[in-house]
Amino acid sequence: MQNYRKLTIESVRQGLLEGRFSARELAQEALRTCEAGNGDSGVFLSFTPGRALAAADRVDARIAAGRDIGPLGGVPLAVKDVIMTEGERTTCASRALENFVAPYSATAVQRVEEAGAVIVGKTNCDEFAMGSSNENSAFFPVRNPADPERVPGGSSGGSAAAVAGGCTPISLGSDTGGSIRQPASFCGAVGIMPTYGRVSRYGLVAFASSLDHIGPFSRTVRDSAALLGTIAGADPFDSTAANASVPDYAADLSADVAGLKIGIPPEYFADGLDPAVGERIEAGIGRLERLGCRTRKISLPHTRYAIASYYLICTAEASSNLARYDGVRYSKRSERSGTLSDMYRNSRAESFGPEVTRRIILGTYVLSAGYYDAYYRKAQEVRALIARDFSEAFAEVDAIITPVSPFPAFKLGEKTSDPLQMYLSDIYTITGSLAGIAGMSVPCGRSPEGLPIGMQILTNHFREQTMLNLGHAFELDGGFES
């Protein structure tokens, strides 16, 4: 099938309705494309051919009957392997769940399938979504489609690479501290972290429950808008899913952004920012100014405390959430289990990789008696200050522009021996996560080595439409590679 790797939601719809290909033919091509290079790229942990072809046949039947195929009808889609997909393996890239088959589907998965999407496989990620490079997968790393010797970012590296590498037009990932936005930046895709509560977390295997989001990857802002509109909305199975109306993001897209006020925080352009990244972001800001946006400096003074606050909160929540993987019910059980205590200890030691173990230990420590107030409670107080910084900023501006990462994609193995340097790669994304606001990465050119660079657009709670309009206008203004 010609130009498969460049398909969008709209071009799939046109091709199906004009009879240029059937949904089954498209699904078969998607499976061939995804499986062909997976041994080298490591993008997928498993494929779902039976599910994909059955979904495609339903779309073809609707076309034959003259019925609407749905907003995502026939579109191949990949799902990060921390999102439950009924009847399919959901491993979280961990030995703990290596053979776990999900008994139900996440609300986001149900909604994309009801909209006609064709799920072709589950994508690789950092174990339990803990990481910034996708090197923490218990099985194999993902390689960046822009340079196979470099990481795709994490933790949703597989979902980002699936889109950027031409395997699927769209995919689902999860973002806790930057796990959609940073891989999107590294791979050259569009990636969105919606407002906390905009998309149901039901069926998302929990890492840090107050920080986790499900969100879309795509090649165009319009496709991300369509996918976000499909998965967003209230859910009786998730008490944190907001009971707020969901706009038709794709239909309401506008390239008229003249007059929008854009905040530029100097805290995000300080020492440590790679000059090539800084130049591309400055150029991107200049393009928005030419489109009629008005820029002004703002201050987010508590940004410097974000790394410490985030890694106290997320590890504490991870420690609590991962306590259930004890070898008793569905996680791996050690064969060296002479006593109950041995079973707990050995099952967890054999199941979890070094990064997950590190975070469990850190989180257990900060929640322990005598340390809770000194660490966890204080981190939550700092989190409130960071949220207040954004609230005050958004009283003056409509959006905030920053880099996504201090540097482009780094080489495989470059930071694995230094966890602190790995954590610092999230320095520009975790603030938005702590505040619960919306954020996205849009491609903003390339480094001198040809590596993608992303620009981050942040907007206030439930102001995704403004964020999408800015990204859409930026995209139309000469394309993402200019």
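The values are calculated or read from the model by the stated rules, or taken from the named source; none is laboratory data. These figures come from a predicted structure and were not determined experimentally. When we count neighbours, we look across all protein chains shown, and the Cβ atoms used for this are built from the backbone with ideal geometry, even at glycine. Remember, those area values only see protein heavy atoms, side chains included, never the ligands or the DNA or RNA. Shrake-Rupley method; radii C 1.70, N 1.55, O 1.52, S 1.80 Å.
Below, the figures for the structure above:
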read-out	value
Among 382, 159, 97 the positive-end extreme of the charge dipole of the chain (Cβ point charges)	97
The chain, helix-only ellipticity at 222 nm - DSSP H runs n ≥ 4, -39,500 (n - 2.57), divided by all residues, nearest 500	-11000 deg cm²/dmol
Student exercise, the chain dipole from Lys, Arg, Asp, Glu Cβ charges, in Debye to nearest 20	440
Per residue accessible area in Å² of region 212-269, where ligands, DNA and RNA are left out and the probe is 1.4 Å	37
Chymotrypsin sites (Phe, Trp or Tyr not before Pro) within region 343-433, DSSP loop, no more than 10 other Cβ atoms inside 10 Å	none
Accessible surface of the chain [probe 1.4 Å, protein heavy atoms]: carbon and sulfur percent	50
Whole-angstrom gap from region 369-388 to region 98-127, using each part's C-alpha centre	35
Mean separation of Cα contacts under 8 Å (6+ apart) over length of the chain, as relative contact order %	17
Gap separating the Cα centres of region 181-230 and region 405-482, nearest whole Å	13
Heavy-atom accessible area per residue - region 73-117, 1.4 Å, Å²	27
For region 197-261, size of Cβ-based charge dipole, Lys and Arg +1, Asp and Glu -1, in debye	160
Dipole of the chain, positive end: most advanced residue of 365, 275, 334 [Cβ charges, Cα centre]	334
Count of Lys pairs (Cα-Cα under 28 Å; at least 8 positions apart or interchain) in the chain	11
10 Å Cβ shell holding at most 16 others, DSSP loop, GluC sites (Glu not before Pro): longest site-free stretch of the chain	150-334
